[in-house]
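Take a look at the structure set out below.
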Amino acid sequence: MKKEEIEKLTPEIRKSESWSEAESEYQFLFETEMMPDILRFGAKPLSNKQFVDKLKSIVKNYPFYYPAYLDMGCRLLKINIQQATEALDIGYEICIRVSDFETIDKDYDIVFENLENLIHSEFVVRYVLKLIEKFPDKAIFYDSAAYAFASLGENDQAVAFSKKAVELSPKNSYFLNNLGMNYLELKMYEEAEKCFNLSIKADKNHVNPVNNLAICKEMKAIGLTLKEYFLLPVDIEKIRELEKNSDPDILVEYIGNVNQFKIIGLKNSFLEKSQNKIHSFDRLIKTLRGFFRFIQSISDEYFIYEQVFYVHINFESIMHMFIIRHSDVNEEILNEIYQSMFMFYGYLSEKKIIKKQQFEAFKETADSIKSGLFDKMHKYNKVRKGLGNNRKTKAEILEEIFGDDGDRDYIF
């Protein structure tokens, strides 16, 4: 859509019959993508390129319908940055021209969250500044800008925009908490503590500032930035102490935090070096999170992500269980698991959280069994549907394909 055409648009377009038609067509396309495979009657879901082509068709017929441009732009980020930027620029320009604040606030996921999830915070900065120009008194956009700047490592900017959000909404617990987190990256511990205390006072049910206040005190004691704190290795002595003397929930919370900190650290490392580049980090991080949840679900005790030795010695059995448990597993999924695991443990090795030799040993073992795992996956996928509920037959097939695996009984 040309600039002069966009400039003629007004909020009235949203009340038109054409807008309703575009919305219906877009909603049908989106719902079709989310449809379970069983309802597709054998048809494969659209590829990213096919979906983009469908969106291009919508904006060709309804050139004012900005949600389709924004969706298209996010999908194009995986294909062509220049085309993605063009689509996003048009979408945001129309969005700002035809939408009031309430509409944009309601559609936050379309406007910003998709870009954040795709690990492209540089685009959030690009567009949130335009929204601030139009809505200079809306705190949410300053908070969004602060988050994006922090993600990109521009910490002074993050604090500046975060302070403006709090200035506009001084009793918002979430904005206060976020300002505290931005202060932590600059080692401004006293200012961070003040923010967390105010955040707790503003909303006693908001648990994040309570946890962050405790983190702040730990960081202050050893003089770390937030990113440095995220990279601290798990404290085995602390785990032993918690096992002996604490509520089990406290131990689970500690391990959960340590695990998530490593994922956040990995994501942060990508954010600063992936600007305006095509990448699939978002998909690999999603795969990593899902696979680690699976390992936790089949583990007898708590699972600490950074303990590569545990994953190393159990990797073949873990993969056997994953193949057995997931009827939709294919080569693409297994390849993504491999990529995400090597990405994660390679990162921990680079940051010296694990030894380089540990990572290389795991990688060598995983690579050595990869072709065998793919072969077992294909064999089991061919017969799994015909096994039904016959336990004896299933046990025999599992024994034939996967061998003597001690965790076999768990699937029954």
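The values are calculated or read from the model by the stated rules, or taken from the named source; none is laboratory data. Quick caveat, the model's predicted, so the values are computed rather than measured. Don't worry about glycine lacking a Cβ; one is built from the backbone with ideal geometry, like all the others, and counts go over all protein chains shown. With ligands, DNA and RNA removed, areas are computed over all heavy atoms of the protein, side chains included. Shrake-Rupley method; radii C 1.70, N 1.55, O 1.52, S 1.80 Å.
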(message) How large a share of the accessible area of region 261-370, in percent, is made up of carbon and sulfur atoms when the probe is 1.4 Å and the other protein chains stay in place?
(response) 47
(message) Helix-only estimate, please: 222 nm mean residue ellipticity of the chain, summing -39500 (n - 2.57) across DSSP H runs of length 4 or more and dividing by its residues, to the nearest 500.
(response) -23000 deg cm²/dmol
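Using 0.36 nm per residue, how much length does the chain from Glu167 to Lys106 gain when fully extended, once their Cα-Cα distance is taken away?
Extra length from Glu167 to Lys106 when fully extended: 19.7 nm.
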(message) Multiplying the sequence separation of Phe342 and Ser24 by 0.36 nm and subtracting their Cα-Cα distance, what value in nm do you get?
(response) 110.2 nm
(request) Just grab the label-to-label distance for Thr365 and Ser57, each label 7 Å out from Cα along the Cβ direction, in nm (one decimal). (result) 5.0
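When the chain is fully extended, how far beyond the present Cα-Cα distance does Thr10 get from Ile222, taking 0.36 nm per residue of separation?
Working: separation 212, 0.36 × 212 = 76.32 nm, distance 5.52 nm.
That pair, Thr10 and Ile222, stretches by 70.8 nm at full extension.
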(request) List the aspartates and glutamates whose Cα lies under 16 Å from the Cα of Lys286, skipping any in the same chain that are fewer than 8 positions away. (result) Glu113, Glu116, Glu332, Glu336
(request) Can you work out the accessible area per residue across the chain, with the rest of the protein chains kept in place, probe 1.4 Å, in square angstrom? (result) 53
(request) Keeping all protein chains in position, work out how much accessible area Ser371 exposes to a 1.4 Å probe, and write it in Å² to the nearest 10. (result) 90
(message) Can you give me the solvent accessible area of Arg126 with a 1.4 Å probe, rounded to the nearest 10 Å²?
(response) 110
(message) Could you tell me the relative contact order of region 52-175? Use alpha-carbon pairs under 8 Å, at least six residues apart, and round to a whole percent.
(response) 15
(request) Between Ile239 and Glu253, with labels modelled 7 Å along Cα→Cβ, what's the label distance in nm to one decimal, could you check? (result) 1.9
(message) How are the alpha carbon pair distances in region 231-327 distributed across 10 Å bins from zero to the largest one, expressed in percent?
(response) 13, 39, 33, 14, 2
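Relative contact order, percent, of the chain when contacts are C-alpha pairs under 8 Å separated by at least 6 residues?
Values: 397 pairs, mean separation 41.9, N = 412.
Once divided by the residue count of the chain, the mean separation gives 10 percent.
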(request) Please sort by residue number the trypsin sites (Lys or Arg not before Pro) in region 316-369 whose DSSP state is loop and whose Cβ has at most 14 other Cβ atoms within 10 Å. (result) Lys352, Lys355
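Would you mind giving the three semi-axes, in whole Å and largest first, of the ellipsoid equivalent to region 6-149 according to its Cα gyration tensor? All intermediate terms of the calculation are to be shown ahead of the outcome.
Details: eigenvalues 134, 71, 38 Å².
Largest first, region 6-149 gives 26, 19, 14 Å.
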(request) Report the longest stretch of the chain that contains none of the GluC sites (Glu not before Pro) sitting in a DSSP loop with at most 14 other Cβ atoms within 10 Å. (result) 1-271
(request) May I ask for the percentage of alpha-carbon pairs in region 280-412 that lie more than 27 Å from each other? (result) 20
(message) What lysines does Lys164 reach when the alpha-carbon gap must be under 19 Å and sequence neighbours fewer than 8 apart in one chain are set aside?
(response) Lys130, Lys134, Lys138, Lys194
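Averaging over every viewing direction, what projected area does the convex hull of the Cα atoms of the chain cover, in nm²? Don't skip to the end; give the middle numbers.
Numbers: hull surface 95.0 nm².
The number I arrive at for the chain is 23.8 nm².
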(message) What is the ratio of the Cα radius of gyration of region 66-153 to 2.2 N^0.38 Å, with N the residue count, to two decimals?
(response) 0.99
(message) In whole percent, and with a 1.4 Å probe on the protein chains, what portion of the accessible area of region 149-257 is carbon and sulfur?
(response) 53
